[in-house]
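Heads up: the structure comes next, in structure tokens.
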Amino acid sequence: MKVGFFIGCNIAFNRPDLEQAVRYTFPALGVELDDLEGQSCCPTWGTMPSIDPVGWYAVGARNLAIAEEKRVEMITACSTCYGSLAKTAHKLQTHRETRNRVNRLLKSIGKEYRGTSRIRHVVYYLYHEIGPEKIKASIKHGLERLSVAIQPGCLSLWPSEIQPEKEADVFHPKILRELCEVLGASAPPYSRILDCCGMGGMRSTDMEKSFILVERKLVTMKKELNPDLIVTGCSSCLIQLDTAQEFLQNKGKINFAIPVLHYVQLLAVCLGAEPQQVAGLARTPVLHLLNKIREG
Amino acid sequence: MLRSGETFEIINLSKGEAGFAEEIKKMGGERILECIQCGKCAATCPLALAGFPFFNKRVIHAILNGLKEVLLNDISIWACQSCNRCTETCPRRVDPFEIMMAMRRVAVRKYALPATAIKGIKSLYDVGHAVYLSEAGEPRKKLGLPEKPPTTVADPEALAEVQSILRKTSLATLGIIPMGEFGIFGI
């Protein structure tokens, strides 16, 4: 099995330890990764989508065309990349005139969008393509007695109409919970499970307001679940939930710290990866917990 | 009720810009006139939860009343998370996400965009990534990864392709990147 790895800006430059986790996990589960050389930004909402929709779709379609040329599907660990590329593919498949305009732009650089590849979210790929049974059979270290609060990531859930893969009930997500339970952890629901983390356009526009959301989310997790760990499917949620805690502690808004990991980082450690390699850039301390998991 | 010393702004609806909703439709908010202001979108919106004055429902309301200047002078649309909760829940398939994007497209044509947005756009053109940290090479190396990921940052030809596409979009008319070699294409 081979799949294209769409890395995404935040992972490549802010959390390359997550990039390393993807590069460890997929081959360990028998999936070869193609680098999709020359890939660019998805692009994300504050850039081309906010200026020129055809330009947005063209940059996205160029990425999809790279995967098409290599005859592979693409995976991403970033829900924003998933949302942007899924919207691009959906538009190009349902709107002929837009597709023609995009292909005229792509033709000028010697490329064409054919619609033969697709973007897949790592969480759904692991669930549908690898499957809980194989994951369970492959892990070296289990998470027995570990309690996890999950954060799925908005664009892995909505808008469900355009997504190639989705939850059965998008307002009661279960897949990420099930994938954590397969590793041996408990991952119960909590009241604000669907709340936004506040990363993205909001954080770059007004950090203080963005932190209202992340504080509310963290406090609810702590109060209702008191989890050992937060596990997310999205690199943006990872960065926000991980970096906001130190800030909120210094402001006296919270008096606790909960380690945060992307699911692929956690899975990598369960499969035998060195914690420092796949989660070494976390700001909220997590290595003590991962080392304990490795010791069993 | 106002407390003593508090003021509020009176909006003169007769001064609204006629045809604003049509402009939004052309910019991608095609189904804006289907909105019945039911508020389902607002009930799910992170902007509303965080206390921004103009979240999805109110942006649509302001557009329908032609209040372009009011929206151009407010930062809320740029704080939209593009999370698509609104698009998922809208019973009239208005797609409020597209309306927020359309409003931003109107705003950038009036140069009403925040510095952080300009930074991301410029970065997309310069290196092919909206988010880029030039100092990421060292931590990448420490993790055993190549200093540059296998993207446009490591591939000048690939970057030239992305730049060539961008120069043929309306981005090239905004003065943020070099002007288009083939003139203005519009949206």
How fast does the range B:13-109 diffuse by Stokes-Einstein, in µm²/s, taking the Kirkwood radius from C-alpha pairs at 25 °C and 0.890 mPa s? 189 µm²/s
Determine which lysines satisfy two conditions relative to B:K168: a Cα distance under 17 Å, and not lying fewer than 8 residues away in the same chain. A:K107, A:K111, B:K122
For the A:R283, B:D126 Cβ pair and Förster radius 22 Å, calculated FRET efficiency rounded to 0.05 is 0.20
Expressed in angstrom, Rg and Dmax over the Cα atoms of chain A are 18.9, 58
Obtain the nm distance between the two label points defined at A:A168 and B:C38 by a simple spin-label model: each point lies 7 Å from its Cα along the Cα-to-C-beta direction. 2.6 nm
Which Rg and Dmax, in Å, describe the Cα atoms of chain B? 20.1, 64
Average projected area of the Cα convex hull of the range B:1-55, in nm²? 6.1 nm²
Using the Cα centre as the reference, give the magnitude of the dipole from point charges on the C-beta atoms of the range A:1-151 (Lys, Arg: +1; Asp, Glu: -1; all else neutral), rounded to the nearest 20 debye. 400 debye
Compute log10 of I(q)/I(0) for the range A:43-161 with the Debye formula, placing one identical point scatterer on every Cα and leaving out solvent, at q = 0.23 Å⁻¹, to two decimals. -1.36
Taking only Cα atoms of the range A:132-295, the Rg to Rh ratio with Kirkwood Rh works out at 0.95
Virtual paramagnetic centre 7 Å along Cα→Cβ of A:K140, amide N under 18 Å, in the range A:270-296: A:270-280, A:287-296
Stokes-Einstein diffusion coefficient for the range A:169-261 at 20 °C in a medium of 1.002 mPa s, Rh from the Kirkwood formula over Cα pairs: what value in µm²/s? 156 µm²/s
Roughly how many nanometres apart are two label points built 7 Å out from the Cα toward the Cβ at A:R216 and B:A18? 4.1 nm
Inter-site label distance for A:H95 and A:S147 at 7 Å from Cα along Cβ, in nm: 4.7 nm
Restricting the range A:232-296 to trypsin sites (Lys or Arg not before Pro) in coil, as DSSP defines it, with at most 16 other Cβ within 10 Å: A:K251, A:K253, A:R283
For the range B:1-109, state which GluC sites (Glu not before Pro) are in a DSSP loop and have at most 15 other beta carbons lying within 10 Å of their beta carbon. B:E6, B:E9, B:E17, B:E30
Cα-centre dipole for the protein assembly as shown with unit charges at Cβ (Lys and Arg positive, Asp and Glu negative), debye to 20: 600 debye
How big is the range A:90-140 by Rg and Dmax over its Cα atoms, in Å? 17.7, 51
How high is the relative contact order of chain A, in percent, counting Cα pairs under 8 Å that sit 6 or more residues apart? 21 percent
Could you state, as a whole-number percent, how many of the C-alpha pairs of the range B:115-173 are farther apart than 18 Å? 41 percent
Once normalised by the length of the range B:115-173, the mean sequence separation of its alpha carbon contacts under 8 Å that are 6 or more apart gives a contact order in percent of 27 percent
Name the residue, out of A:H262, A:H121, A:H172, whose mean-square fluctuation peaks in a Gaussian network model built on chain A with Cα pairs under 10 Å. A:H172
Taking only pairs that are 8 or more places apart or on different chains, how many Lys pairs in the range B:13-109 have Cα atoms under 19 angstrom apart? 6
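Read the figures in this text as sums done on the coordinates, not as results from a lab. Please read all numbers here as calculations on a predicted model, not as lab measurements. Here the Cβ is made from the backbone with ideal geometry for all residues, glycine too, and neighbour counts use every protein chain on show.
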